[in-house]
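Have a look at the structure below, then the notes.
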Amino acid sequence: MKITVVGTGYVGLVTGTCFAETGNDVTCVDIDVNKVSKLSAGQITIYEPGLEKLFERNLKEERLHFTTNLAEGIQDAQVIFLALPTPPGEDGSADLSYILKVADQLGVLLKDYKVIVDKSTVPVGTADKVHAAIAKNAKVEFDVVSNPEFLREGVAVEDFMKPDRVVIGTSSERARKVMGDLYAPFVRQGNPIIYMDEKSAELTKYAANSFLATKISFMNEIAILCEKLGADVDMVRRGIGSDDRIGKRFLFPGIGYGGSCFPKDVQALVKSSQEVQYAFRILDAVMDVNEKQKLFLLPKISNYYKGNLKGKHFALWGLAFKPNTDDIREAPALYIIDALVKEGATVSVFDPEAMPNVKGVIGEKVTYADNQYTALENADALIIATEWSVFRTPDFDKITSSLKEKVVFDGRNLFDVPRMQELGFFYESVGRKPSTI
Ligand code: UDX
């Protein structure tokens, strides 16, 4: 099938590359000249494990093309995906101006029947708005479909190639058939394509992300309670997770969720609710808990140093909002750095992928270490903010010899408390008893 993807950001590039991988002819359109020339020259513009190999192969085999010209890009396409940004506006609602601008242009450009697909996370009712914007100028038949993505950064290729489900929102039989054919290779293993109306598809995306964010904030509150009551959150997590109705996944407490989706989507759903005079109270609490959770380690650190962090030097492992990505949007590490520096402390950081991005945002506010161990030199304590695999089984002898004192504040519960006790560390984590020196 011939496909066009408008927008070569994270979602667009993964979508385009993965559709090319299943034999489709894909043209990606972007207004950013620089990006398009880089991509055309084989230079990938995002970090996503496994994507580069597919990208290079499909580019070489000429199933993947890039252009800045929308008219040329959509000419032969049967399906046009809109993977454009929907940044939150001042009031938290999603800004649709990028999408609607392209929709306006499409109306003029369409010469035969095409399926236009909203891939970006958009508020309920957007498919109708896109339809109206195209219809203003269109002289041919077309359908607008809502097909939200459920990609996790770091495993996006796998999520795309083997989705748990594909959600297709359309009331048109013709579009349903086209979309069903396009996705058939991705659901061979038996996972469903769930067809529904456009609005339900749009809401499904927000409901999924908000539910997952709720699970996390719930566990973060349970963790706080565990500490206060002397229980262990690891035990409680396993105890409840073995109930199929609850499920084992997404029950890990930590220092809050970040990234480009959860914070934005929860906020947007709250806003959408307000617009129909409904106060989504659970989600207000989810956001509130998450904001506080990002600084969960601070009182622990402050207590240890009796309220005085002036002149203290910390090593911080992990900057990305989660492992296997260089994304630092809403990353808890940045909030921790800010708070420590405000208290007069200095910080030396290490992250396997995210350091250039952090440097771009906070510059020389911290020192950037070459590796996880050099970050520890002369530090009073180690703080862990992201659970990268390389941090999970570190060389504790090196940690001991580099740190001034054996003190670790772990926001991701990477180590066993009894083991840390045995090794002689003061070790604070989330929802578990601390080990003492
Ligand atoms: C998420 C959704 O999972 C994905 O379906 C959607 O399309 C986009 O948003 P992503 O933001 O890439 O994906 O990350 P995810 O792996 O879901 O983690 C989100 C955040 O939750 C991270 O900050 C992570 O640290 C946190 N998290 C996750 C927890 O704190 N505890 C958990 O148990 C799981």
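Quick note: the coordinates plus some simple rules give every number you see, no bench work behind them. Model, not experiment: these values are computed from the prediction. All Cβ positions, glycine included, derive from the backbone under ideal geometry; neighbour counts span all protein chains shown.
Worth pointing out:
- Counting lysine pairs in the range 2-196 whose alpha carbons fall under 13 angstrom apart, excluding pairs fewer than 8 residues apart on the same chain, gives 6.
- When both bridge partners sit in the chain, DSSP labels roughly 5% of those beta bridges antiparallel.
- Taking the three principal axes of the alpha carbon atoms in the range 2-196, the coordinate ranges are 41, 40, 38 Å, sorted in descending order.
- Between helix 10-21 and the chain: long-axis angle, C-alpha atoms, 0 to 90°, nearest 10: 60
- Relative frequency of Cα-Cα separations exceeding 23 Å in the range 205-292, percent: 27
- Reduced Cα scattering model of the chain, Debye log10 I(q)/I(0), q = 0.09, 0.13 Å⁻¹: -0.64, -1.16
- Fully extending the segment from Tyr278 to Ala231, taken as 0.36 nm per residue of separation minus the present Cα-Cα distance, adds 13.2 nm.
- Charge tally in the Cβ shell below 15 Å around Val361, where Lys, Arg are +1 and Asp, Glu are -1, Val361 excluded: -4
- The value obtained for the range 35-84, namely the Cα convex hull volume divided by the number of residues, is 101 Å³ per residue.
- Per-bin percent of Cα-Cα distances, the range 297-428 [10 Å]: 13, 49, 34, 4, 0
- Using alpha-carbon coordinates, inclination of helix 51-60 to the longest axis of the chain, degrees: 30
- Once the chain from Arg57 to Ala135 is taken as fully extended at 0.36 nm per residue, the excess over their C-alpha distance is 24.3 nm.
- Ordering of 163-170, 303-310 by burial proxy (mean other Cβ atoms within 10 Å per residue, highest first): 163-170, 303-310
- Translational diffusion of the range 130-281, estimated by Stokes-Einstein from the Kirkwood radius over alpha carbon pairs at 25 °C in a medium of 0.890 mPa s, is 134 µm² per second.
- Stretching Val155 away from Asp338 to a fully extended chain increases their span by 62.9 nm, per 0.36 nm per residue minus the current alpha-carbon distance.
- Distance from the Cα centroid of the range 1-74 to that of the range 246-311 is 35 Å (rounded to whole angstrom).
- Karplus-derived HN-Hα couplings along the range 138-146 (A = 6.51, B = -1.76, C = 1.60, θ = phi - 60°), whole Hz, x at Gly and Pro: 6, 10, 10, 6, 7, 10, 10, 10, 9
- Relative to the longest principal axis of the Cα atoms of the chain, the long axis of helix 198-229 lies at roughly 10 degrees.
- Packing-based ranking, highest mean first, of 377-384, 115-122, 390-397, 192-199 given that Cβ atoms within 10 Å are counted: 115-122, 377-384, 192-199, 390-397
- Here the sum of -39500 (n - 2.57) over DSSP H runs of 4 or more residues, divided by the residues of the chain, equals -12500 deg cm²/dmol at 222 nm, to the nearest 500.
- Sequence-separation-based contact order of the range 22-153, relative, with Cα cut under 8 Å and 6+ spacing, percent: 21
- Neighbour net charge for Glu149 - beta-carbon separation under 11 angstrom, K R +1, D E -1: +1
- Protection-proxy order for peptides 329-336, 399-406, 284-291, 313-320, each taking the mean of Cβ atoms within 10 Å per residue, highest first: 313-320, 329-336, 284-291, 399-406
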